[in-house]
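Here's the structure we're looking at; comments come further down.
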Amino acid sequence: MNTEGIFFIFDLCILRKSSTFTDDMKTRFMAIVCMTIMAVCTQAQEALLGDWCTVDDQTGERLSVMNFFKGTDGKYHGKVVELCKPEDKNKKIRHGEHKGEPVVGFVVFSGFEFKDGKLVGGKAFNPDDGNWYHAKIWLSDDGCLMLRGGLDKRLILGRTQKWIKKQHTT
């Protein structure tokens, strides 16, 4: 359920006039349930935001840092904020319409919406081949970000990557 639906239910609960003690208790209970659902949805959305380290599937070495953010369009996006290997610091996109553009600063995730605890409906860009792919993003039980990218919308033909939250030092 999206937040607009939760607010609508919450408004109905608060605006409804009750004539008995039992009706008043039902109204309060529904308001508490609605606020709890809204808080859980907001917390899950916020957990996906911020900086995430991409990791090499084979070596476990950190490759880059991605920043996920909510755009002014209300959708979720992600951009490359750092390349971890010294030899990659000035890496450029190698193929496609963005060939020659710097990888750092490039928005590689675009147009995602938060539904059922996942970011869905967006596209992921691969700077190595210059192509956009269908993708979905979610949090695993251990707090890692899971990214499934693929050729088809159902993501049958694709692969899954596991990323870790970047620890910021102050």
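Summing charges over all other residues whose Cβ lies under 11 Å from the Cβ of Val65, with Lys and Arg as +1 and Asp and Glu as -1, gives +2. Tell me whether segment 123-170 comes out rounded, prolate or oblate; compute the Cα gyration tensor, take square roots of the eigenvalues as a ≥ b ≥ c, and use a/c under 1.5 as the rounded threshold. Taking the square roots of the gyration eigenvalues as a ≥ b ≥ c, segment 123-170 is oblate. Taking a sphere under 12 Å around the Cβ of Trp52 and counting the other residues whose Cβ falls inside, with K and R at +1 and D and E at -1, yields a net charge of +3. Answer rounded, prolate or oblate for segment 67-170, using the Cα gyration tensor with square roots of eigenvalues a ≥ b ≥ c: rounded when a/c is under 1.5, else prolate when a/b is larger than b/c, else oblate. In terms of gyration-tensor shape, oblate.
For segment 54-170, what is the accessible area per residue in Å² when the probe is 1.4 Å? The partial results should precede the final answer.
Details: 7160 Å² over 117 residues.
That works out to 61 Å² per residue.
Phi angles of segment 64-71 translate, via the Karplus equation with coefficients 6.51, -1.76, 1.60 and θ = phi - 60°, into HN-Hα couplings of 7, 10, 10, 10, 9, 8, 9, x Hz per residue; Gly and Pro are given as x. Hey, with R₀ at 25 Å, roughly what FRET efficiency would Glu101 and Lys123 work out to, going by the Cβ-Cβ distance, to 0.05? That gives a FRET efficiency of 0.90.
Listed by chain and number, the lysines whose alpha-carbon sits under 19 Å from that of Lys166, ignoring those within fewer than 8 places in the same chain, are Lys70, Lys79, Lys85, Lys89. Of the solvent-accessible surface of segment 84-162, computed with a 1.4 Å probe and all protein chains present, 50% belongs to carbon and sulfur. Scalar couplings 3J(HN,Hα) for segment 94-102, obtained by applying the Karplus form with A = 6.51, B = -1.76, C = 1.60 to θ = phi - 60°, are 8, 9, x, 5, 9, 3, x, 6, x Hz; x denotes Gly and Pro. Modelled label positions at Leu151 and Asp88, each set 7 Å beyond Cα in the direction of Cβ, lie 2.5 nm from each other.
The values are calculated or read from the model by the stated rules, or taken from the named source; none is laboratory data. Predicted model, so just to flag it, every value in this text is computed and none were measured. As a convention, Cβ positions derive from the backbone with ideal geometry for all residues, glycine included, and neighbour counts pool all protein chains shown. The area values use the complete protein model at the heavy-atom level, side chains included, leaving out ligands, DNA and RNA. Shrake-Rupley method; radii C 1.70, N 1.55, O 1.52, S 1.80 Å.
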